[in-house]
Each structure stands twice: as structure tokens, then as C-alpha cells.
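Peer 1: Encoded as C-alpha cells, here's the structure I'll be asking about.
The values are calculated or read from the model by the stated rules, or taken from the named source; none is laboratory data. Everything numeric here is computed off the predicted structure, so don't read it as measured data. For neighbour counting, all protein chains shown are included, and Cβ atoms are generated from backbone atoms with ideal geometry for every residue, glycine included. Surface areas here come from the heavy atoms of the whole protein model, side chains and all, with no ligands, DNA or RNA. Shrake-Rupley method; radii C 1.70, N 1.55, O 1.52, S 1.80 Å.
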Amino acid sequence: IEAKPVKRLCRTHSTITVNGQYPGPTLEVRDGDTLVIKAINKARYNVTLHWHGVRQLRNPWADGPEYVTQCPIQPGRSYTYQFTIQNQEGTLWWHAHSKWLRATVYGALIIYPKLGSPYPFPMPKREMPVILGEWWDRNPLDVLKLALFTGGAPNVSDAYTINGQPGDLYRCSSKETAIYPVEAGETILLRIINSALNQELYFGVANHKLTVVAVDASYTKPFTTNVIMIAPGQTTDVLLTADQPPARYYMAAHAYNTANAAFDNTTTTAILEYESAHYSAKGGKYLKPIFPQLPGFNDTATATAFTAQLRSPCKVKVPIEIDESLFFTVGLGLINCKNKNSPRCQGPNGTRFAASINNVSFVLPRSTSLMQAYYQDQPGVFTTDFPPVPPIQFDYTGNVSRGLWQPVKGTKLVKLKFGSKVQIVFQDTSIVTVEDHPMHIHGYEFYVVGSGFGNFDPKNDPAKFNLVDPPRRNTIGTPPGGWVAIRFVADNPGTI
């Protein structure tokens, strides 16, 4: 893990990379494999690596989030991650899990079935990772540092990328645009990963249908769509058949934006290129690619319709009798400042932004990881009094009293009994603005049993839950101004 010169958007930056690559190396393994990965930190920042979506059964110290499962790897030091893939196959990814280093430190983690086990869909002729990302035309850690100083929102990205390249619509970028070669008639598997820090994205391929066959390394009932919506941390596997006239077609991605806030409204592109149509017949010039139709930036109806189609391939074992029912309000909060004109209080009306769940803004430890403190029974690092429900009930998606906008800071955890059947309802709030908040649970996959808009109704909404074939995921977004319900069994001990 070291700084290397990377040129994008006409400028060269000293960018944190892995093995000199941006994006980093793709890891290709099989279900049942044990991975041993030695991370040598030659950068000037502390760093950790997270294997996003890997269950890490009985092995949480290999998971990677800094000051949660481990202290970070200091500059000049190394750490060896070792873990075994157990009953998982499909597309996952890995990334730095320390501050904003994951803006450039990330790569695909592809898990093939065990030898002799076929895919539950026709074998594609070839497979290709499509890694969507965000690019800042400056050091991403400086962007974060400025936001933490001012208390305001961080500057939005300057470009989106596909496999690290912004594409034809950005300055100084068209020569390196990613190209995906196909032969007429063949079916390929695109393993799509959203590695962006902040932005949900729409993705489509001009004139081609996409058949969704898996999300977050879990197979789905196949369905066909023109466009997918993918949140940060999520993966989506799609089959694409090259059944159009031989030509060059743009793959493209742009923002699905749900907050009343600034966002990067640019579009990244790559090219699906039929091998028989590389050049035009006249003068050997490149054929101009055809552009796809993507939904509008704020098209929530299309995003909702897409996620509603996701189903497990068959009946699954969803927890029915719930032991732990948690209700988490998710969103922004504002910390009041004594001096509203302070340069450190540049949020709305002289405040500081703070993320919040159930009115708690989480504070990471500074010298001891949560896992170490728990394992060694060290007092004073965290408490286990995180509220299972909001301390005060209110109209979460309505006009919220300003008295409820200020969260408390704390290192508070929820303690779950091993084997307990857990339900969590994530409820978005209209504090500051409604927004689609991607939620990821480390070391777990969960079933998404229901979602809706407005406030969750505990009396009536559970009757509409899908307890037969809900999709299994490791990352899910709260609908803007709505809620999503998940269920899982707490069978993986550790601090997550």
C-alpha cells in the first residue's frame, strides 16, 4: 500500500494504491479457499483492509475496520490477514477501512463455486468486473480533513469512474476509457461493484438488456432490466447477450441522488465493443459509441421498482420468531456551536454536521479497538447502552422539531445474545434532508423482508413482509423518507 503517481482529469496526483494499481488487484478465489494476505503499509497514513461481505465466521479480527476489529497498520508496518471463504460464491470486493483511503484503495473479490459446482444460470462465455468509483481532483484525505474542520458537507467528487477511468465525457480521459470486447451472439457476465464513497448510481448499457442473477454474492431469481441502481458497497451480477448490430455501445453510470444537497452530476462511461466493429469502413476511424438512456438523477420510482424485483431463487429460512427487535432512525444531525461564526461551524445556521442513529453520533476509540477492549475486558472504551429504539418517538419523516436535531456523541454498542433472531428496521428521517442511506453489517448477510415510504407502522407493515423468498444482501439502502426491515440470526461472535 503506497503512493504512486496517477494521472486523471489532466493532473497527476500522488495516489494511494495497492501494488501500484488503481483500482487494486482483483482477487479470484473459490468457495472453501483460505486467503493469506500480507498488507505492507508504505503510505504515510494509517491503513486497514476490509473484505466487504465476507462472513469471517469466528474470525472477526480479520475483518479490517480500524478501531473496531483492529488498530490500524501504521506507516512502515505490516499485518497479515488470514480467513477462509465458507459457503459463499459470487462478487464481493475489498477496500481500505480507514478514513477516506478507500477512495482509491479497493478492488474486486470474485468467489467462484467449488470445482464441479456450476452456476445456477447458463455458463457465460466470459466474465468481467465493472468497478464503479468516485474520483476527487485532489487528495481525498484532504477533502475529508477540510470537512471535519469546518463541520460542513465534504466537497462532492469531480468524476465517476469505471475500472478507475472516468471515460469519454471528461477532460483528458478518452484515450484511457475502459473497453469491454464482446463477440456477436455471446453472453457475458458483468460483475458490477459500487466502490464509491457516497453516491448511489444508475448503470446501463446502450440498447442491451441486463439480466440480474445475483446481488452481494447471493443468487437471485433472474429478471431483465434496462438499468440497475446500485448503492455504495453493493454488488450486482448481470448477464448481457451481445444481440445487437455490431457496433460500439456505451456503458454509463451517473448519480441517483435523493438528498436535497449538492452532488456530482457527471457521467462516467466505458465502451462495449463488438470485435467485428472496431473501426468504421471509411479511413479506419473509431465508430462513435451509442449512448444509453439513464433515469433522471432523482428518479426514486425507478430505483424502487428495481429493488422490488429482487428475490431469492427459492424459499429461504427467514427468522420468524424474533428475539431482538431493533428500530434505528438513520440520518444526519446538527451539533450546535457556541460561536456560530466560527470557521469550525460552517454547517447550516452555524452548526456542525453529524451522522446519527437513534440520536447517537458514534465516536471511534483512539488507541484501542473495540474488539480488543471486548476480548480483553478493558473498561472505559465502550458502553453497551446503545438505545434499541429512538429515545424520543416523533414523526420521523415529517416536520421534525429542531430540538430533536442535535445528537449525543458516544461509543455505545448493542449487545446481542448468540443465536438470537434479530430484526432491524432502519428508518430514514427528514432531519436536515431525507436520503437513501446505505447500511452494511460486517460479518453478516441478512434477508431484506420489507420496505416502504413514510414512517414504519409496527402494527400493519409486518403483515406485508416477504418471509418466503426475500433477497439476501450484506448492504441495503433506506428508501429516501422511508424504511427497510432486515432479519438475520446472530451466529457470528465478535464486534461488528
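Peer 1: Just check segment 6-77 against the gyration tensor rule for me: Cα atoms, a ≥ b ≥ c as the square roots of the eigenvalues, rounded for a/c under 1.5, and otherwise prolate or oblate depending on whether a/b exceeds b/c.
Peer 2: oblate
Peer 1: Nearest-5 percent of antiparallel DSSP beta bridges in the chain?
Peer 2: If I count the DSSP bridges inside the chain, around 75 percent turn out antiparallel.
Peer 1: Next question, about the same structure. Explain nothing, just compute: Karplus ³J(HN,Hα) = 6.51 cos²θ - 1.76 cosθ + 1.60, θ = phi - 60°, for every residue of segment 127-144 in order, whole Hz, x for Gly and Pro.
Peer 2: Karplus values, whole Hz, x for Gly and Pro: 10, 9, x, 10, 9, 8, x, 10, 10, 9, 7, 6, 5, x, 5, 6, 4, 5.
Peer 1: Amide H to amide H under 5 Å from Val130: which residues, 5+ apart in sequence or cross-chain, H placed 1.01 Å off N in plane?
Peer 2: Result for Val130 returns Arg191, Ile192, Ile193.
Peer 1: Continuing with this model, one more query. Keeping every protein chain in place, order Glu183, Glu127 by accessible area at 1.4 Å, biggest value first, i.e. largest first.
Peer 2: Glu183, Glu127
Peer 1: For segment 70-81, what does the Karplus curve 6.51 cos²θ - 1.76 cosθ + 1.60, with θ = phi - 60°, yield as ³J(HN,Hα) per residue in whole Hz, taken in order and with x for Gly and Pro?
Peer 2: Rounded to whole hertz, the list is 7, 7, x, 7, 7, x, x, 9, 9, 8, 9, 8.
Peer 1: What is the extension gain from Val408 to Thr12, computed as 0.36 nm multiplied by their sequence separation minus the C-alpha to C-alpha distance, in nm to one decimal?
Peer 2: 138.4 nm
Peer 1: Under a 1.4 Å probe, what is the accessible area of the chain per residue, stated in Å²?
Peer 2: 45
Peer 1: Shape call for segment 341-496 from the C-alpha gyration tensor, a ≥ b ≥ c root eigenvalues: rounded (a/c under 1.5), prolate (a/b greater than b/c) or oblate?
Peer 2: The shape class here is oblate.
Peer 1: Still on this structure: Given a 1.4 angstrom probe, I'd like the percentage of the accessible area of segment 324-490 that is carbon and sulfur, rounded to a whole number.
Peer 2: Within segment 324-490, the accessible surface is 52 percent carbon and sulfur.
Peer 1: Further question: Just order 473-479, 169-175, 294-300 by mean Cβ neighbour count inside 10 Å, highest at the front, would you?
Peer 2: Those peptides, ordered most packed to least, come out 473-479, 294-300, 169-175.
Peer 1: What are the ³J(HN,Hα) values, in whole Hz, obtained from phi via the Karplus relation 6.51 cos²θ - 1.76 cosθ + 1.60 with θ = phi - 60°, for each residue of segment 390-407 in sequence order, with x given for Gly and Pro?
Peer 2: x, x, 10, 7, 8, 7, 4, 10, x, 8, 7, 4, 4, x, 9, 8, 9, x
Peer 1: Would you mind calculating the relative contact order of segment 119-307 from Cα pairs under 8 angstrom and at least 6 residues apart, reporting the percent as a whole number?
Peer 2: Relative contact order for segment 119-307 comes out at 24 percent.
Peer 1: Report in % the part of the accessible area of segment 218-280 that belongs to carbon and sulfur, leaving out ligands and nucleic acids; probe 1.4 Å.
Peer 2: After summing per-atom areas, the C and S share lands at 50 percent.
Peer 1: Here is a follow-up. Quick check on packing: order 327-334, 307-314, 489-496 by the mean number of other C-beta atoms within 10 Å, highest mean leading.
Peer 2: Peptide ranking by packing, descending: 327-334, 489-496, 307-314.
Peer 1: Next up: Between Val434 and residues 5 or more places away or on another chain, which pairs have amide H atoms under 5 Å apart, with H built 1.01 Å from N, and which residues are they?
Peer 2: Asn260
Peer 1: Can you tell me how much longer the chain between Arg311 and Gln293 gets when fully stretched, taken as 0.36 nm per residue apart minus their C-alpha distance, in nm with one decimal?
Peer 2: Working it through step by step, the gained length comes to 3.9 nm.
Peer 1: Hey, how many Å between the Cα centroid of segment 6-48 and the Cα centroid of segment 171-247?
Peer 2: Each part's Cα centre sits 23 Å from the other's.
Peer 1: Follow-up. If we count every other residue with Cβ under 10 angstrom of Arg30's Cβ, Lys/Arg +1 and Asp/Glu -1, where does the sum land?
Peer 2: Charge balance near Arg30 sits at -3.
Peer 1: Which percent, to the nearest 5, of DSSP beta bridges fully inside segment 119-307 are antiparallel?
Peer 2: 75
Peer 1: His254's amide H: which non-local residues (gap 5+, or another chain) put their own amide H closer than 5 Å, with H modeled 1.01 Å from N in plane and none for Pro or chain starts?
Peer 2: The answer is Tyr202.
Peer 1: Still on this structure: Counting Lys and Arg as +1 and Asp and Glu as -1, what is the net charge of the other residues whose Cβ lies under 14 Å from the Cβ of Ala206?
Peer 2: 0
Peer 1: Right, another one. If you add up the charges near Asn455, with Lys and Arg at +1 and Asp and Glu at -1, over every other residue whose beta carbon is less than 11 angstrom from its beta carbon, what do you get?
Peer 2: -4
Peer 1: Rounded to the nearest 500 deg cm²/dmol, what is the calculated helix-only ellipticity per residue at 222 nm for the chain, with -39500 (n - 2.57) per DSSP H run of length n ≥ 4?
Peer 2: Only helices count here, giving -1500 deg cm²/dmol.
Peer 1: Mean separation of Cα pairs under 8 Å and 6+ residues apart, divided by the residue count of the chain: what relative contact order is that in percent?
Peer 2: 14
Peer 1: How many nm separate the modelled label positions at Thr34 and Arg366, each set 7 Å beyond the Cα in the direction of the Cβ?
Peer 2: 3.9
Peer 1: What does the C-alpha gyration tensor say about the overall shape of the chain? Classify as rounded when a/c is under 1.5, otherwise prolate if a/b is larger than b/c, or oblate.
Peer 2: rounded
Peer 1: Charges at C-beta only: +1 for Lys and Arg, -1 for Asp and Glu. How large is the resulting dipole of the chain about its Cα centre, in Debye rounded to 20?
Peer 2: 1060
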